[in-house]
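Have a look at the structure below before the remarks.
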Amino acid sequence: MPSVLITGANRGLGWGLLNLYAKDGWRVYACTRDPAKAKDLNDLAAKSGGKVTVHKLDVENHATIDALAKDLKGQPIDVLLNVAGYYGPKIVSEPGGLQSFGESNYADWDKIYRINVMGPMKVAEAFVSNVEASGQKKIVTLSSIIGSIAGNDMGHMYPYRASKAAINAVMKSMAIDLKARGITAIPIHPGWVRTDMGGPTADIDVDTSVTGMKKVIGELKAADAGKFMVYDGSTLPW
Ligand SMILES: NC(=O)c1ccc[n+]([C@@H]2O[C@H](COP(=O)([O-])OP(=O)(O)OC[C@H]3O[C@@H](n4cnc5c(N)ncnc54)[C@H](OP(=O)(O)O)[C@@H]3O)[C@@H](O)[C@H]2O)c1
């Protein structure tokens with residue numbers, strides 16, 4: 001039975017991915033900042049016959065990542081899935097949500113970087129031995145088309161855009177550095193999706209995005225390491 005560890009599994013795309021992998025019979029390590037508040041997640045885990053377990057993990061709090069890595073020492077993880085992410089205090093469609101030039105709040109920048117860049121990096125460093133011990137050996141981080149420098153034709157979104165460009169650089173290096181250990185690492189753009197972050201006017205629903213991403217992840221080959229993938233199987237320019 002393959003296994004997946006998902007961060008940000010309590011809502012949005014993490015919740016959608018969790019449901020798909022659980023339905024498919026995978027062993028799922030579902031991570032959330034506050035397990036006591038994750039009612040749907042706990043209900044699903046309770047009905048899973050031990051295949052889905054819920055774990056506390058706050059990507060801003062590295063002690064929680066180290067503690068879980070200690071608990072899961074020796075357990076293979078086929079797919080390490082960094083989903084947890086943060087746009088900022090206002091979503092893009094709200095007034096002030098465009099993160100425009102001249103409006104920077106550097107406390108927000110700091111938080112966005114801690115969650116979107118250092119978080120997935122720390123998770124990868126903490127669980128790389130688990131991935132290496134697995135059959136599939138994949139590390140996947142949810143990035144965004146907004147992080148594509150070549151694709152930036154609209155400006156704005158400074159902290160979020162910079163954080164996703166930064167995690168792309170991180171994933172590209174990881175793809176190169178971990179290749180010799182048999183690990184395939186990619187960033188993936190989930191599409192613009194109707195979640196709390198994407199907002200109600202986004203292009204696609206959660207099912208379309210997560211079904212596509214699961215297929216892309218399932219079909220990943222070593223030669224795909226370091227590509228900037230999209231949920232529909234296409235690729236993006238860096
Ligand atoms: N939706 C889109 O259109 C879109 C487009 C491109 C990329 N993405 C990326 O896709 C990923 C998921 O987005 P989404 O739309 O599902 O967002 P969402 O609905 O806002 O959910 C965000 C998830 O991240 C978790 N999270 C936030 N901060 C965390 C932290 N410090 N530690 C652990 N978990 C934390 C949240 O947990 P809490 O419930 O505890 O806050 C929640 O589970 C993100 O990386 C995002 O940047 C989304």
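Key figures for this structure:
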{"item": "Alpha-carbon centroids, region 71-140 and region 194-238: separation in whole Å", "result": "16"}
{"item": "Spacing of the two label points (7 Å from each Cα toward its C-beta) at Trp238 and Asp24, in nm", "result": "2.8"}
{"item": "On Cα atoms only, tilt of 119-132 relative to the major axis of the chain in degrees", "result": "30"}
{"item": "Calculated Rg and Dmax of region 1-142 using C-alpha coordinates, Å", "result": "15.9, 52"}
{"item": "Set of aspartates and glutamates with alpha-carbon distance to Lys47 below 15 Å, sequence-local pairs under 8 removed", "result": "Asp24"}
{"item": "In nm, spacing of pseudo-spin labels at Glu219 and Arg181 (7 Å Cα→C-beta vector)", "result": "2.8"}
{"item": "Cα-based Lys proximity count in region 51-115, under 26 Å, for pairs eight or more positions apart or on separate chains", "result": "8"}
{"item": "Descending principal axes extents, the chain, alpha-carbon based, whole Å", "result": "50, 40, 34"}
{"item": "Cα-based helix-to-principal-axis angle, 12-23 vs the chain, degrees rounded to 10", "result": "20"}
{"item": "Convex hull (Cα only) mean projected area of region 32-73, reported in nm² to one decimal", "result": "3.1"}
{"item": "Folded to 0 to 90 degrees: helix 158-178 orientation relative to the chain principal axis, Cα", "result": "40"}
{"item": "Label-point separation, Ser173 to Asp40 (7 Å along Cα→Cβ), nm", "result": "3.6"}
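Read-outs: derived from the displayed coordinates by stated rules, not from any lab. Source: prediction; values computed, not measured. Using ideal geometry, Cβ is built from the backbone for each residue, glycine included, and neighbour counts are taken over all protein chains shown.
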